[in-house]
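This report concerns only the one structure given below.
Each reported figure results from applying straightforward, stated rules to the coordinates on display, with no laboratory input. Nothing here was measured: the structure is a model prediction, and the numbers come from that model. Note: ideal-geometry Cβ built from the backbone for every residue, glycine included; neighbour counts use all protein chains shown.
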Amino acid sequence: MAFFLETLLGGLMSGMLYALVALGFVLIFKASGVFNFAQGAMVLVAALAMARLSQWIPQWLGMEPGLLGNVLAFIVSAILMFVLAVVIERWVLRYLVNQEGTTLLMATIGISYLLDGLGQIVFGSSVYSIDVGMPKDPAFILESVFEGGVLVSLEDLSSAVVAALLVVALAIFFQYTSVGRALRAVADDHQAAQSIGIPLNRIWVVVWTVAGLVALVAGIIWGSKYGVQFTLSTAALRALPVVILGGLTSVPGAIVGGLIIGVGEKVSEVYLGPYVGGGIEIWFAYVLALVFLLFRPQGLFGEKIIDRV
């Protein structure tokens, strides 16, 4: 039982990180009605900015790397993601208002390649580390309940808590604020939203900024665990099955989908992997997403595309 709990907790922790990345996809889709292929590149650029600035800022200010340097690096990186959102809105999205979804999709692919190239030019192409003080050693919990206790990674636990708090905060913000209501109106119909006075351009800047902040937090967590390298942009796309499972239009769906896939990957790998030669964790999420595409393409909580047309 203790081993099963270890596997379950590990899956839930991974699932929260998947949910965090998937949330960036959902927010952009809700605002523009297009799937944002640049989300992985945004995670990469945000992580690169945090990794490099946490090294550069202490050097520029003549101080030792530490908490203050990380805080300053986070603030500057967040400002960078805001500037990036403004640039994307002013130079790309503003000229694509009321265009076909395919046009917007191609635009996000172009943005993705542009960000990958700029990231390499500005921050370099080496592998970088992010040290934000997350505990690296595992710990045993519930020792009074199970003999020997349950082994838990404190780093994974810290990451899951941070991701969960951010996901909950964003869900509340977009569900119960005027910005959230405006976002839903824009997602339903751009022209109708503009006709009742909703500033489409401003909403897009807000949503892309929030997606950038989500990418920053996800990049920090991912970079702290595995290091920051250019494969991070493709690694972030592991959240694609989460979006398909939960639904492209649903913030709660991103959360539930992330947890389901995180747990499913871990449990299937541990208990079924030995019988099929292992590797289930690599393809499990994509097979599950394919099943949903065949039988429930809108996902668990998403809307049917026909309902949104």
With r as the distance between the Cβ atoms of Tyr271 and Arg181 and R0 = 30 Å, compute the FRET efficiency 1/(1 + (r/R0)^6) and round to 0.05. 0.10
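Starting from the Cα gyration tensor of region 142-224, multiply each eigenvalue by 5, take the square root, and state the resulting semi-axes largest first in whole Å. Working shown, then result.
Details: eigenvalues 315, 42, 11 Å².
Square roots of five times the eigenvalues give 40, 14, 7 Å.
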Calculated SAXS-style log₁₀ I(q)/I(0) at q = 0.07, 0.09, 0.16 Å⁻¹ - the chain, Debye, Cα scatterers: -0.28, -0.47, -1.35
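If I stretch the segment between Ser126 and Ala192 completely, what's the gain in nm (0.36 nm per residue apart, minus their alpha carbon distance), one decimal?
Values: separation 66, 0.36 × 66 = 23.76 nm, distance 4.70 nm.
Gain on stretching Ser126 to Ala192: 19.1 nm.
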Between Phe230 and Ile109, what length in nm is gained on full extension when 0.36 nm per residue of separation is reduced by their alpha carbon distance? 41.9 nm
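Could you calculate the contour length gain from Ala171 to Ile282, that is, 0.36 nm times the residue separation minus the distance between their Cα atoms, to one decimal place in nm?
Values: separation 111, 0.36 × 111 = 39.96 nm, distance 2.88 nm.
Result: 37.1 nm gained on full extension.
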Pseudo-spin-label distance Leu300 to Val76, built 7 Å along Cα→Cβ, given in nm, is 4.1
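If you average 1/r over all unlike Cα pairs in region 1-147 and invert the result, what Kirkwood radius do you get in angstrom?
On the way: mean 1/r = 0.0550 Å⁻¹.
Evaluated over region 1-147, this radius sits at 18.2 Å.
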So which residue, out of Val92, Val263, Val145, gets the largest mean-square fluctuation from a GNM of the chain using Cα contacts under 10 Å as springs? Val145
Where does the longest stretch of the chain lie that holds no trypsin sites (Lys or Arg not before Pro) found in a DSSP loop with 16 or fewer other Cβ atoms within 10 Å? 137-303
